[in-house]
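J.: The following block contains the structure, expressed as structure tokens.
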Amino acid sequence: KSFAKNTILIFNRELNTIVGPNGSGKSNIADAVRWVLGEQSAKTLRGKKSDDVIFAGSDKKGRLGFAQVDLYLNNQDNLLNLDYEQIIVSRKIDRNGESEYLLNGNKVRLLDIQLLLAQANFGQKTYSVIGQGMIDSILTSSAAERKEFFDEATGVKQFQIKKDQSISK
């Protein structure tokens, strides 16, 4: 939402903090990470519809036709069960609502991304990305929502995904 030009942010520590004045895009960075990891709720991303993640324009720059986030993950320890030292998870959306997920440039399903990240205990709802108000949200959430959060954080989510896949087949 905030970034009209390609923007590169490098997080090379176990814990990173984004600090800045109101309106500088701090929350949009956390939203972008959640979005590329598969967040489907426009409300969670502080929008009303899916294309609200696309830069809407400003006095100096017109609106853009698409949004894309590429998340580079270091896989040198082979935590993600792929034969790549670097994994690139990408998500694109354009103004007509067409959306796609990519894994190292190859088109994949959201389910493939979710399963891969669940196997590494990394996801868009876990402690991996803690945005403003998230702690309060966890404390005031329902028992089912808290269970989902802790299942993802403890690594149970990958087995639930596989179970749901088997049941649907």
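Here, each number is a calculation from the coordinates, and none is a lab measurement. Keep in mind that this is a model prediction, so the values were computed, not measured. Positions of Cβ are generated from backbone atoms using ideal geometry, with glycine treated the same way; all protein chains shown enter the neighbour counts.
J.: What are the pairs with Cβ atoms under 7 angstrom where one residue, in region 24-47, is in contact (Cβ under 8 Å) with a residue 40 or more places away in the chain and under 24 Å from Asn104 (Cα atoms) and the other, located anywhere, is in a loop (DSSP other than H, G, I, E, B) and among the charged types (D, E, K, R)? Sequence gap at least six, or different chains.
T.: Asp31/Arg46
J.: Assess whether Ser24 counts as being under 14 Å from the mean Cα position of the chain (by Cα) and among the small types (Gly, Ala, Ser). If you could, list the steps in order and put the result at the bottom.
T.: On the way: under 14 Å from the mean Cα position of the chain (by Cα): no; among the small types (Gly, Ala, Ser): yes.
In short, no.
J.: Further, regarding this structure: Tell me, which residue of region 7-29 that is over 21 Å from Glu39 (Cα atoms) and either small (Gly, Ala, Ser) or touching a helix residue (DSSP H, G or I) at 6+ places or on another chain (Cβ under 7 Å) (or both) is surrounded by the most Cβ atoms within 10 Å (Cβ to Cβ)?
T.: So the residue we want is Ser24.
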